[in-house]
Amino acid sequence: MDLLARFLIRLFSTAITLFGVAVIVFTVVRVVPGNPIAMMLPPGATPADIVRLKALYGLDKSIPQQFVIWFWGVLHGDFGTSISLRQPVLGLVLGRLPATLELATMALVMAILIGGASALTAVRFRGTQIETGIDVANGAALSIPDFLWGLLLIIFFGVLIPLFSISGRISPDLQLNFETQFYLIESIVRLRFDVTANLLAHMFMPALALALPLAAIIGQLLKQSLKETMELDYVTLARTKGYSETRVILREALRNAILPTLTLTGVQFTFLIGGTVIVERLFSYEGLGNMAIDAVVNRDLPLIQGIVICFAVIFTAVNLVVDLTYAALNPRLRHA
Amino acid sequence: MLDGRGSINRRVGARLWLSGGWLLIVCLASAFAPMIAPQDPLAQDLMSGQLPPFWVHGTEPGFWLGTDSLGRDVLSRIIWGGRIALQVALIAGTLTALVGSTLGLVAGFYRGWADRIISRLVDIWMAFPPVLFSILLVAVLGTGLRSIIIAIVVIDWTRFARVIRAEAMNQGAMDYVAAAQVAGFSRQRTMLTEILPNVLPTIVALLSLEMGIAIIVEAILSFVNLSISTDAPTWGGMIAEGRTTIYQAWWVLVFPLIALFLTVLSFSQFGEGLKDRFDPVLR
Amino acid sequence: MSEQSLFRVEDLRLSLPDLVGKSFVGLAARIEILRGISFTIQRGKVLGIVGGSGSGKSTLARALVRLLEPTSGRIVFDGQDISHLDEQALRPLRRRFQMIFQDPMSSLNPRRRVKGIIAAPLRLHGLTGIDRRVDEALDHVGLPRGFRNRYPHELSGGQRQRVGIARAIALRPEFILADEIVSGLDVSSQAQVLRLLEGLVAELGLTLAFISHDLSVIRRLCDDVMVLRAGQIVEMAPSAEIFAAPRHSYTRGLLDAIPLPTLDQPGWN
Amino acid sequence: MTALLEIENLSVALKNGPRLLRSVSLRLDRGEVRGLVGESGAGKSMIGKAVLGILPRSAEVVEGRILLEGTDILTLPPAERRRRIGRIAALIPQDPLTALNPSHRIGPQITDRLVDILGWKREKAEARALELLAEVNISAPARVMRNYPHELSGGMRQRILIASAFAAEPALIIADEPTTALDVTVQKQILKIIAGMQARHGTALLFVTHDLGVVSKVCQSLSVLYAGKVLEDTQVADFFRAPGHAYSAALLAATPKYTDPEGSLMPVGPEVLAAVQAEVDAADREWRHV
């Protein structure tokens, strides 16, 4: 009951946020000084052609009118037609989204593994040189953003020790007719592990670049939270019962320490997804972000709007999931 | 907490001095760029394109860190690029801190409708992908230093607003705020003279961090060709060019990257170091 | 009549939002913390207010010095109804009733020196000779004048609590509310602070409300004792009377539960 | 007969720092209830922590022996020491609100030591837990076993912690200010429960407290500490008749006693503090000399 109420209220709040995003992005892109129509016109087009094209894309009406028309379409699943690619926006976005989702998920998994391992190691060996070392590494990883990590990785693993490919999502010579855009999942399902390996080799560096700052945050937060938990009386009590230090950390402290980390990890994960925009560009990875930058460069208003809304939906969904997970894991809320 | 206090202090000290030292070098180099830079950063010479740095065979004297494809001196461009980076860092960082901290302080201390409005705005802002948003804004505003600064402030004020709001809320629950009320201080005065000094160390640390972030945003915008102007020497622009010639002339990418890396790292470490060093409560 | 009673409280009720039950539902339920409290505090007297956790004693404290606004009922200070005055109107009165807080670590701004903490209210109320007044206040609470330049974290718990007292008395108020001010202190500092307060009440002619969860510490200090439970007054009587022969069984139970440092206390075997 | 617990010349110090315990010696026989009394910083909790092997990481034992049933636990390898302490001793912690793990149900928190460390069958351990919960006056123990800590009051939780401490029939229980966080009426109930359980099970109790009133009610003997040094080691009956040390006497006079408003709550005189501090300094000089 409580969970349901919580869910509904958060859903309502999310809807308001998304509407706000829609209004802002719509207004901002209308102020774009570059004229998208001019770019599309063939040489020697007449003023009548311009009027016709403007009418076609609805650009002849006032901004509020345009918004109402666009928003009405959005509610019916119609995000308009891309000006530069001349295809429905929804199809374009959904076509690129899987690549970005696979990348972001891979990065999240890496971040949790690296961050979790470093936090547990640091706490197990707290007060020693090992903890100091992990702290310094975390501090550095935290202050270097994904864009810089990407560049550093390109130099190290792309040029100095060329282990991985520095651009693209998959080697162009690999022929596999994918049914879906979820290449990684599909390659596994179809047992084409050579393709999986190729995809992973392409994904490794961009995913690591995205993962490192988040790993550092998870590492720091979880360590801090674990250390605080380890000082609590119930942990001390467990020690007096005869449990080993490792067992005390895993059995008594970890679960309670994860909760405060979880909320912040959610917010930081949305930052990670936001970071895919530039990291995809850096690695020429054919995802949503790469397309977004092209859309801005081409002044493709409907496509920009569609992509921003798509990101906003993902972000708010992540926050919603985190919020509900928090409630579900917290006995105080679960059994209130 | 009691043990290892000395070693922590030593570490804080080293961090502060190293990062502060690098930032000082960058500041001086930027201030005296016309005197220090060995070459004109814009001078092209296609005959001496892609010269390697000084220790590699085939170099020419005067081009210490080599040249790019158009024969422009990499070192000179890094020095001049530092000027732009620092301008962005100082102006955008300070403005962002002012706007974000003010809103955060008001929301966290006054609560009520001010908090509801500001928090809702933060929520909406958090639903935008920040990099895409900044690219979009600069595309809308047109390239140039002013646009970049505006874009950074518009996007990043939430970083301050969120943190300072939470801090102000924590501090607002302390009894010294009640004590100020019992003494008869107005709410506004309490916020400025009691709460603000207590959140100031956090603002300073965030400000330093934000300066590093501003430099990165500028670099990203240059990287996608949306920064100042195409031929102005910026670190991001150099990196973008270096990325395309990475197998032929690695130095075009590596040296500006090192400058960017050290500066961003220094800004964040400097802020943390300052906070640890000069906070009387922590000491 | 109003000459005699400094505070008159009539049917005071106060409800606060229920923070536990709330958190995500926009409209929070309110729980009534104070449920109809009436009493007077005579000028120059010391009133002890005692109750267990959840009795509403701290809420009552904060309502008296108008950190909280009553939901209904009246609080009359020296003949003036202050129940719903706004901050502006309260300001001149603030100087006359002061408060000492439970946790000195939280009630002293960590980024101000002792002299700043004591002097700020003096400046606000336009007093002159600030330095002299700060020194006097420190003298009164038995702290060396050299402590002026210290930060709160450089003091011990007992010393911090003395700074809190110094801040309150520096304004020369008529009334001071002390909210659980010795509960965080060791036995020896507790005894010192209580003796100090006793001396100040006599010397400065203060009226004092002393809030405590512990009946045993207030026997000496208080003229009258009020026992609170669940937001209502259980019993209010002169101190000697309440300790010798409590009328209410709840008070009786509280007294009997105090472990006295003796070997022959009835009811403990 | 060997003592259950014998602490000899125990010094604990901050790493590279001052001593927190200054050559403490004390003895606890089977079934004895000893109070450890002192103000904050006196090191009274530190003794219990040293015995239970839960000293904070910043502190370490620098000299002395802790003989538990005749064996010096400080010389045992860590894993064996943990198991030995877990079998012989148990802790009743100070704050019932933080001493139960919020994400586990009550039942497993009582039975875990029995099952995991002592190798009992789960059913047997649960039956034992039910018995103990009934013994600390918890009605509907079966339901409480399935509750989460936040669903119970502070007094309830403290009773559960007491039951949990007695679960493995330890020979020694260290109660670290077990009633400080409680209201006075609840404190009385809890003290009576602890005293009753102690008497029935014949457990030895090291009762850490700052409250001489509490000592007079539950202890047979007591040690008064100041700055990590034992000032006095005596029987409760003797102590309350005539304390054997000036500082102990001052502490007793500072303790509130509403039946004697003129003779209680007396501030500790500076000359008493100076004398006891001199005593501590002298001990330190001697210790460094050796």
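The values are calculated or read from the model by the stated rules, or taken from the named source; none is laboratory data. Since we're looking at a predicted model, the values are computed, not measured. When we count neighbours, we look across all protein chains shown, and the Cβ atoms used for this are built from the backbone with ideal geometry, even at glycine. The accessibility values were calculated without ligands, DNA or RNA, using every heavy atom of the protein model including side chains. Shrake-Rupley method; radii C 1.70, N 1.55, O 1.52, S 1.80 Å.
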Can you name every residue in segment A:222-244 that is over 35 Å from the mean Cα position of the chain (by Cα), polar (S, T, N, Q) and assigned to a helix (DSSP H, G or I)? A:236, A:240
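Here's the yes/no breakdown for (1) open to solvent by 20 Å² or more (accessible area, probe 1.4 Å); (2) assigned to a helix (DSSP H, G or I); (3) at pLDDT 95 or above; (4) under 27 Å from residue A:293 (Cα atoms):
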residue: B:76; (1), (2), (3), (4): no, yes, no, no
residue: B:84; (1), (2), (3), (4): yes, yes, no, yes
residue: B:88; (1), (2), (3), (4): no, yes, no, yes
residue: B:91; (1), (2), (3), (4): yes, yes, yes, yes
residue: B:97; (1), (2), (3), (4): no, yes, yes, no
residue: B:107; (1), (2), (3), (4): no, yes, yes, no
residue: B:123; (1), (2), (3), (4): yes, yes, no, yes
residue: B:136; (1), (2), (3), (4): no, yes, no, yes
residue: B:146; (1), (2), (3), (4): yes, yes, no, yes
Within segment A:295-336, the residues that are more than 11 Å from chain B (Cβ to nearest Cβ), among the polar types (S, T, N, Q) and assigned to a helix (DSSP H, G or I) are A:325
Determine which single condition residue D:95 fails, assuming it passes every other condition in (1) at pLDDT 90 or above; (2) facing chain A (nearest Cβ under 8 Å); (3) within 20 Å of residue D:210 (Cβ to Cβ). (1)
For segment A:257-288, which residues satisfy the criterion of being within 11 Å of chain B (Cβ to nearest Cβ), buried (at least 23 other Cβ atoms within 10 Å of the Cβ), out of contact with any Asp or Glu (no Cβ under 8 Å at 6 or more places or on another chain) and more than 16 Å from residue A:310 (Cβ to Cβ)? A:281, A:282, A:283
Scan (1) touching a helix residue (DSSP H, G or I) at 6+ places or on another chain (Cβ under 8 Å); (2) at the interface with another protein chain (Cβ under 8 Å from one of its Cβ atoms); (3) part of a helix (DSSP H, G or I) for the single condition residue D:133 breaks and write down its number. (2)
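Conditions (1) crowded, with 22+ Cβ neighbours inside 10 Å; (2) of a type in the set (Val, Ile, Thr), marked per residue:
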site	(1), (2)
B:190	no, yes
B:199	yes, yes
B:202	no, yes
B:225	no, no
B:234	yes, yes
B:238	yes, no
B:261	no, no
Need the failing condition index for residue A:49 against (1) within 16 Å of residue A:299 (Cβ to Cβ); (2) modelled with pLDDT of 75 or more, just the number. (1)
Candidate set from segment C:120-155 (those that are within 26 Å of residue C:180 (Cβ to Cβ) and small (Gly, Ala, Ser)); member that is surrounded by the fewest Cβ atoms within 10 Å (Cβ to Cβ): C:142
Pick from segment C:88-112 the residues that are open to solvent by 50 Å² or more (accessible area, probe 1.4 Å) and free of Cβ contacts under 8 Å to residues at least 24 places away in the same chain: which of them is nearest to the other protein chains (Cβ to nearest Cβ)? C:91
In the set D:271, D:232, the lone residue that is within 19 Å of residue D:29 (Cα to Cα) and more than 17 Å from the chain's Cα centre (by Cα) is D:232
For segment D:195-230, which positions are under 18 Å from residue D:40 (Cβ atoms) and among the small types (Gly, Ala, Ser)? D:213, D:223, D:227, D:228
So residue C:158, is it surrounded by fewer than 17 Cβ atoms within 10 Å (Cβ to Cβ) and within 11 Å of chain D (Cβ to nearest Cβ): no
Residues located in segment D:81-116, provided they are in a helix (DSSP H, G or I) and more than 22 Å from the chain's Cα centre (by Cα): D:106, D:107, D:108, D:115, D:116
Pick out, from segment C:170-269, the helices (runs of 4 or more DSSP H) lying fully within it that include 1 or more residues that are open to solvent by less than 50 Å² (accessible area, probe 1.4 Å) and in contact with a Cys (Cβ under 8 Å, 6 or more places away or on another chain). C:239-244
Within segment D:56-78, of all residues that are open to solvent by less than 40 Å² (accessible area, probe 1.4 Å) and either at pLDDT 90 or above or basic (Lys, Arg) (or both), the one farthest from residue D:10 (Cα to Cα) is D:76
Here is a check on your reading of the model: is residue B:31 open to solvent by less than 10 Å² (accessible area, probe 1.4 Å) and at pLDDT 80 or above? no
For segment A:142-198, how many residues meet the condition of being more than 14 Å from every other protein chain (Cβ to nearest Cβ), among the aliphatic types (A, V, I, L, M), surrounded by 18 or more Cβ atoms within 10 Å (Cβ to Cβ) and part of a helix (DSSP H, G or I)? 2
Give all pairs with beta carbons closer than 7 Å in which a residue from segment A:166-177 that is at pLDDT below 80 meets a residue that is in a loop (DSSP other than H, G, I, E, B) and among the hydrophobic types (A, V, I, L, M, F, W, C); count only pairs at least 6 apart in sequence or on separate chains. A:166/A:283
For segment B:183-244, please list each of the helices (runs of 4 or more DSSP H) lying entirely inside it that holds at least 1 residues being hydroxyl-bearing (Ser, Thr, Tyr), farther than 14 Å from residue B:101 by Cβ and under 22 Å from the mean Cα position of the chain (by Cα). B:196-223
